[in-house]
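Participant: Got a structure for you, questions after.
Read the figures in this text as sums done on the coordinates, not as results from a lab. Computed from a predicted structure; not experimentally measured. Heads up, the Cβs are rebuilt from the backbone with ideal geometry, glycines too, and the neighbour counts pull from every protein chain shown.
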């Protein structure tokens, strides 16, 4: 994972509403429907769409369309890779500082 992707994911994670979406998804086995996100956030549809778009563009969630409905899947591998990259960056930082 390159540093630009780390930045994009970090920006996506910097909003409380997007964190709520990911937290709710993880509690539900990594899957959520669009209508559930609307109820969860209690925001106008354009705001919800913005948050979903940001999470998709970062790669944190993946959309699946079935008719008129969308379901979103949590990208667990990407999250694991992101945490591993942050861990390696932190380890290097502390190693160099000591």
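Participant: Could you tell me the relative contact order of the chain? Use alpha-carbon pairs under 8 Å, at least six residues apart, and round to a whole percent.
Facilitator: Relative contact order here is 30 percent.
Participant: Related question: Need one number: nm distance between label points at residue 69 and residue 10, each 7 Å from Cα along Cα→Cβ, rounded to one decimal.
Facilitator: The modelled label-to-label distance comes out at 3.8 nm.
Participant: More than 16 Å apart: what percent of Cα pairs in the stretch 3-97 qualify?
Facilitator: 56
Participant: Between residue 27 and residue 90, what FRET efficiency comes out of the Förster formula 1/(1 + (r/R0)^6) with R0 = 41 Å and r the beta carbon distance, rounded to 0.05?
Facilitator: Efficiency at R0 = 41 Å is approximately 0.95.
Participant: How much length would be gained if the chain were fully extended between residue 36 and residue 19, taking 0.36 nm per residue of separation minus their Cα-Cα distance, in nm to one decimal?
Facilitator: Full-extension gain reported as 4.7 nm.
Participant: Between residue 83 and residue 56, what is the FRET efficiency for a Förster distance of 22 Å, r being their Cβ-Cβ separation, to the nearest 0.05?
Facilitator: Approximately 0.65, to the nearest 0.05.
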